[in-house]
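To keep things clear, I will list the structure first and then write my remarks on it.
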Amino acid sequence: MNIRRALLVTIASGLMHGIGILTTQADNSAWMGSVSDDTFVSQLSIPGTHDAGTGHGVNNYLIVSGSKYAVTQEKTLTEQWNSGIRAFVLRPGVDGSRLRIYHGLISTNLYFDDALSTLCGLLDSHPTEMCIVIIRHESDGDDNNSNWGTKMKELLNSNPTKSHAVNYTPMAKLGNMRGNLLILSRDNYDTNPVGGYITGTGFNPNFDN
């Protein structure tokens, strides 16, 4: 084989190998493992998803198509995790004896206790990681059910959430947060919240405000 032909074979082989790499999906299931323990959580740029529970399927509301109007994410929580997501916005509302994830008036096929169990399981299998759950009472979905706070308090103070949850501190470092779940709520459910409360998130059409 002459030099020119050998070179062409090498280039072709490299291109084919490169195409293979391009079609391989990256695994970001443990990306925090490469970040120093001494890094403040506040220094991290943490990928997150809005209405994270809709990837588990949504239902219709009367004549309103859930799949057309309520799907914000198409991947499940585990698939989002594997893509690198570490902050999940979930909106539970009361559905009978449980808290179901809603998007507005439309219910999903995911219950809040199942969502927390999934995330706690992912933390157990990926101990280098931490994750954040941001919750809000989706009062449109349950007609502002007054039992929301009681059910939320009971759920967050039971395992596996209780054994994984940590309280918010502005000086938290990743090394202390690995394997843990930080729950931040936009709605009050107890005088001593699990994780912490978020305030000042109201909408104002005036951008400067």
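The values are calculated or read from the model by the stated rules, or taken from the named source; none is laboratory data. Fair warning: this is a prediction, and the values are worked out from it, not measured in the lab. Here the Cβ is made from the backbone with ideal geometry for all residues, glycine too, and neighbour counts use every protein chain on show. Just so you know, the surface numbers come from the protein's heavy atoms only, side chains and all, with ligands and any DNA or RNA stripped out. Shrake-Rupley method; radii C 1.70, N 1.55, O 1.52, S 1.80 Å.
Suppose we filter region 101-121 for residues that are in contact with a helix residue (DSSP H, G or I) (Cβ under 7 Å, 6 or more places away or on another chain) and either of a type in the set (Gly, Ala, Ser) or free of Cβ contacts under 8 Å to residues at least 60 places away in the same chain (or both); how many remain? Reasoning before the result, please.
Applying the first criterion (in contact with a helix residue (DSSP H, G or I) (Cβ under 7 Å, 6 or more places away or on another chain)) to region 101-121 yields 101-110, 112-113, 115-116, 118-120.
Subset that is either of a type in the set (Gly, Ala, Ser) or free of Cβ contacts under 8 Å to residues at least 60 places away in the same chain (or both): 101-110, 112-113, 115, 118.
Final tally of qualifying residues: 14.
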Q: Filter the helices (runs of 4 or more DSSP H) completely within region 102-183 down to those with at least 3 residues that are open to solvent by 50 Å² or more (accessible area, probe 1.4 Å).
A: 112-125, 148-156
Q: Could you grab me the full set of residues in region 187-201 that are open to solvent by 90 Å² or more (accessible area, probe 1.4 Å) and either within 17 Å of Arg136 (Cβ to Cβ) or in contact with a Pro (Cβ under 6 Å, 6 or more places away or on another chain) (or both)?
A: Asn188, Thr199
Q) Which one of the conditions (1) within 28 Å of Thr128 (Cβ to Cβ); (2) open to solvent by 30 Å² or more (accessible area, probe 1.4 Å); (3) out of contact with any Lys or Arg (no Cβ under 8 Å at 6 or more places or on another chain) does Ser65 fail to meet, given that it meets all the rest? A) (1)
Q) of a type outside the set (D, E, K, R), touching a residue at least 40 places away in the same chain (Cβ under 8 Å) and within 19 Å of Ala115 (Cα to Cα) - does that describe any residue in region 172-179? A) yes
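Would you point out the residue of region 30-62, among those that are outside any helix (DSSP H, G or I) and within 15 Å of the chain's Cα centre (by Cα), that is surrounded by the fewest Cβ atoms within 10 Å (Cβ to Cβ)?
Start the filter on region 30-62 by keeping residues that are outside any helix (DSSP H, G or I), which leaves 30, 35-40, 44-51, 57-62.
Those still in the list that are within 15 Å of the chain's Cα centre (by Cα) too: 30, 45-51.
Working: Ala30: 15, Ser45: 4, Ile46: 14, Pro47: 13, Gly48: 15, Thr49: 20, His50: 13, Asp51: 21.
The extreme case among them is Ser45.
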Q.
With the requirement that a residue be among the β-branched types (Val, Ile, Thr) and over 21 Å from Asn180 (Cα atoms), what does region 82-116 give you?
A. Val94, Ile101, Ile106, Thr108
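Might you let me know whether region 16-29 holds any residue that is surrounded by 13 or more Cβ atoms within 10 Å (Cβ to Cβ), touching a strand residue (DSSP E or B) at 6+ places or on another chain (Cβ under 9 Å), modelled with pLDDT of 90 or more and not in a helix (DSSP H, G or I)? Let's see the steps before the verdict.
Within region 16-29, the first condition is being surrounded by 13 or more Cβ atoms within 10 Å (Cβ to Cβ), and the residues that meet it are 28-29.
Within this subset, residues satisfying the condition of being touching a strand residue (DSSP E or B) at 6+ places or on another chain (Cβ under 9 Å) are none.
Within region 16-29 (the criterion being surrounded by 13 or more Cβ atoms within 10 Å (Cβ to Cβ), touching a strand residue (DSSP E or B) at 6+ places or on another chain (Cβ under 9 Å), modelled with pLDDT of 90 or more and not in a helix (DSSP H, G or I)), the answer is no, since none of the residues qualifies.
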Q. Among the residues of region 190-209 satisfying the criterion of being within 21 Å of the chain's Cα centre (by Cα), in a loop (DSSP other than H, G, I, E, B) and among the hydroxyl-bearing types (Ser, Thr, Tyr), which is modelled with the lowest pLDDT?
A. Thr201
